[in-house]
Amino acid sequence: MKQKAQTIAAANADATLALLWERVRRQGDMPGFGKAISAILGAMRGEDEPAFNMTRTVLSDPVLTQRVLRLANSSMYSAFGQHINTITKAVLVLGTEAIGHLALGLKLIEELSNSSPDSTIAHVEMEKAVLAGMVAQQVAASVSARDPEEAVVCSMLHTLGRMMMTFYMPERWEALQRHGGAGNEDASAPEVLGLSLESLGRAAAEHWGLPKNLVNGMRRIEPGPPDIQLAHEDWLAALSTMSSQCAASLWHDDPEGAAGVLALAHSYAPMLKVAPGSLMVAIGKAKEAAAADLTIAPLAKPAEKRARQLASTRMRAEGNRILISGVADMRDTLSSATPGQMMSMALETVYQGLDFSRAAAFLRNRRDGTYSAKMGFGEGITELFPLMSFDDTYQPNVFHAALTSDRVIFIENAKDPKFATKLPFWWKASLSDARSFVILPLCANGQPAGFIYGDWDHTFPAIQLNQAEFALLNDLRALVVRAVERRQQIELDAVQRG
């Protein structure tokens, strides 16, 4: 009787997997992931210059390039004590295999984030996988774990069976829920599908040809006694198990979930050889990152996030209308307005159009050899004018760079420690509470005549100026420069006549 049941279960499992592969062939792998896996694994196995092949593979995807470099420079790899600015150096310092694992994990995050399946349930499972990877990354970084990138990938793949089921076989997912109720899909799977969701996920990973160490890390491991000593692949599996369960508990951001996270930290801490408090700190960092990066998790407050995005979009559209109208007014008055009046119009336009926290116009005094703030908008700006003055002799900072190049410069993160040497002392003494700022140089007849400065403080949402806004700013400063050049020509003619 038992053998007959096992035979039926095996046949059921074979049927489930056969249907899954048919759906995968029909619908295609999760967009772009299968092809990316083949390229990355090929580079990892490459016999001819594997390091170069890995560099070329990563560089073929600009988004992946940026993410690999960002992670390679993160605290997880701070032990190397050096900045990594190229993929070639990342491969040399970290190794082909480590970069391959990083690339696999980051590519999966990208594909899961970009995938828009019809089923909201599938999207939920994908974001939970991303959240599990965030938890594993923070835990691995906190303990300086060996091969931390493996931990990230294994944790994201730990619930691959659930992702595959909801993505490709939603009707079977509904059958699981009918059988055991929502939330009990894992327990129902052997009877309904003939195999566990874990086995289904590992079968998919093997189908893709993922390395054995990653497939082994997808196993579920229950908490063990405090004195247990785990092999590396078992430690990875234990961390992946805890991370995926943490993701499920963190998802709704409610008291019940918080209690679940605390229980998980205490039960897995002895096995992972990490203090429960340290685990909670790492999980807290992952939760903070998830709130910013995820899109549909209750943890990320998606409704509030969408409302802020819509408000920002409306504000930017209204701001561009202000810039367009301001530039039109400046064109209309160019023939009669003085340079000072044009500067005032330009300053008011950018202050309102870009919703600056503060804006100021700096003029160059050739006799004194200085640049000084002469007019401004924003709370407390005029009180800062005595500090907002500097020598016109070239110094290697961002303001002289803008004036020398005669190009608009936008600084997205003025708080970046790596950028500190590019900020002059006078700015640090007067305007250092700015998070982002813009410099509009004004060069008349090839010589700097001044510039317009505007900044945003921490209360303004993170911003990136678009091409239309850059074009309007260039139109605006060109009109001011034309007024200055016209005045210079009038003064030159007067001298010549005299």
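The values are calculated or read from the model by the stated rules, or taken from the named source; none is laboratory data. Values in this document were obtained by computation on a predicted structure and should not be read as measured data. FYI the Cβ positions are ideal-geometry reconstructions off the backbone, even for glycines, and counts take in every protein chain you see. Just so you know, the surface numbers come from the protein's heavy atoms only, side chains and all, with ligands and any DNA or RNA stripped out. Shrake-Rupley method; radii C 1.70, N 1.55, O 1.52, S 1.80 Å.
Just to be sure I understand the filter: pairs with C-beta atoms under 8 Å, separated by 6 or more residues or on different chains, first member in segment 193-212 and without any contact (Cβ under 8 Å) to a residue 60 or more places away in the chain and buried (at least 20 other Cβ atoms within 10 Å of the Cβ), second member aliphatic (A, V, I, L, M) and not in a helix (DSSP H, G or I). Which pairs pass?
From residues that are without any contact (Cβ under 8 Å) to a residue 60 or more places away in the chain and buried (at least 20 other Cβ atoms within 10 Å of the Cβ), the pairs are G201/M218; R202/M218; A205/M218.
So, in segment 352-372, how many residues would count as being buried (at least 22 other Cβ atoms within 10 Å of the Cβ) and either among the hydroxyl-bearing types (S, T, Y) or not in a strand (DSSP E or B) (or both)?
Adding up the residues that qualify gives 5.
Out of V495, V484, I need the residue that is touching a residue at least 60 places away in the same chain (Cβ under 8 Å) and in a helix (DSSP H, G or I). Which one?
V484
How about segment 407-432: which of its residues are out of contact with any helix residue (DSSP H, G or I) (no Cβ under 9 Å at 6 or more places or on another chain) and not basic (K, R)?
E412, D416, P417, T421, F425, S432
Looking only at residues in segment 222-256 that are polar (S, T, N, Q) and without any contact (Cβ under 8 Å) to a residue 60 or more places away in the chain, which one is most open to solvent (accessible area, probe 1.4 Å)?
Checking each candidate, the answer is Q229.
With (1) modelled with pLDDT under 75; (2) in a helix (DSSP H, G or I); (3) within 20 Å of L210 (Cα to Cα) as the list, and A132 as the residue in question, which single condition is left unmet?
So A132 meets the others, but not (1).
Looking only at segment 327-342, how many residues end up being open to solvent by 10 Å² or more (accessible area, probe 1.4 Å) and either of a type in the set (F, W, Y) or in a helix (DSSP H, G or I) (or both)?
Of the residues in that region, 8 qualify.
Search segment 137-161 for residues that are open to solvent by 10 Å² or more (accessible area, probe 1.4 Å) and pair each with any residue that is at pLDDT 85 or above and part of a loop (DSSP other than H, G, I, E, B) when their beta-carbon atoms are under 6 Å apart and the residues are at least 6 apart or on different chains.
These pairs meet every condition: V143/V274; H158/M218.
Please verify whether segment 346-356 includes one or more residues that are of a type outside the set (D, E) and farther than 17 Å from R477 by Cβ.
no
Residues that are in a helix (DSSP H, G or I), among the acidic types (D, E) and farther than 23 Å from L102 by Cβ: does segment 207-227 have at least one?
No - not one qualifying residue is present in segment 207-227.
Scan segment 433-450 residue by residue and report those that are surrounded by fewer than 16 Cβ atoms within 10 Å (Cβ to Cβ) and either in contact (Cβ under 8 Å) with a residue 12 or more places away in the chain or part of a strand (DSSP E or B) (or both).
Correct list: D433, N445, Q447.
Before we move on, is V152 β-branched (V, I, T), assigned to a helix (DSSP H, G or I), within 18 Å of the chain's Cα centre (by Cα) and modelled with pLDDT of 80 or more?
Considered against the rule, which asks whether it is β-branched (V, I, T), assigned to a helix (DSSP H, G or I), within 18 Å of the chain's Cα centre (by Cα) and modelled with pLDDT of 80 or more, V152 comes out as yes.
Just the residues that are touching a strand residue (DSSP E or B) at 6+ places or on another chain (Cβ under 8 Å), closer than 18 Å to A483 by Cβ and not polar (S, T, N, Q), please, taken from segment 322-364. Before you say what the answer is, go through the steps one by one.
So the first thing to find is which residues in segment 322-364 are touching a strand residue (DSSP E or B) at 6+ places or on another chain (Cβ under 8 Å), and the list is 343-344, 346-348, 350-351, 354-364.
Now restrict to residues that are closer than 18 Å to A483 by Cβ: 343-344, 346-348, 350, 361-364.
Once the filter is applied, which keeps residues that are touching a strand residue (DSSP E or B) at 6+ places or on another chain (Cβ under 8 Å), closer than 18 Å to A483 by Cβ and not polar (S, T, N, Q), segment 322-364 yields M343, A346, L347, E348, V350, A361, F362, L363, R364.
Could you tell me whether S278 is touching a residue at least 12 places away in the same chain (Cβ under 8 Å) and crowded, with 17+ Cβ neighbours inside 10 Å?
Here the answer is no, as S278 does not meet what is asked.
Got a number for residues in segment 281-295 being exposed (fewer than 15 other Cβ atoms within 10 Å of the Cβ) and at pLDDT below 80?
The number of residues fulfilling the criteria is 2.
Which condition number does A187 fail, the rest of (1) in a loop (DSSP other than H, G, I, E, B); (2) farther than 30 Å from A39 by Cα; (3) open to solvent by 30 Å² or more (accessible area, probe 1.4 Å) being met?
(1)
For segment 373-430, enumerate the residues that are farther than 26 Å from E469 by Cα, open to solvent by 70 Å² or more (accessible area, probe 1.4 Å) and among the charged types (D, E, K, R).
E383, D391, K418, K428
For segment 433-451, what are the residues that are touching a helix residue (DSSP H, G or I) at 6+ places or on another chain (Cβ under 6 Å) and closer than 17 Å to Y351 by Cβ?
I439, L440, L442
Answer yes if at least one residue in segment 175-182 is at pLDDT 85 or above, of a type in the set (K, R) and surrounded by fewer than 23 Cβ atoms within 10 Å (Cβ to Cβ), and no otherwise.
We begin by selecting, within segment 175-182, every residue at pLDDT 85 or above; these are 175-182.
Narrowing further to those that are of a type in the set (K, R): 178.
Those left that are additionally surrounded by fewer than 23 Cβ atoms within 10 Å (Cβ to Cβ): 178.
Within segment 175-182, one or more residues are at pLDDT 85 or above, of a type in the set (K, R) and surrounded by fewer than 23 Cβ atoms within 10 Å (Cβ to Cβ).
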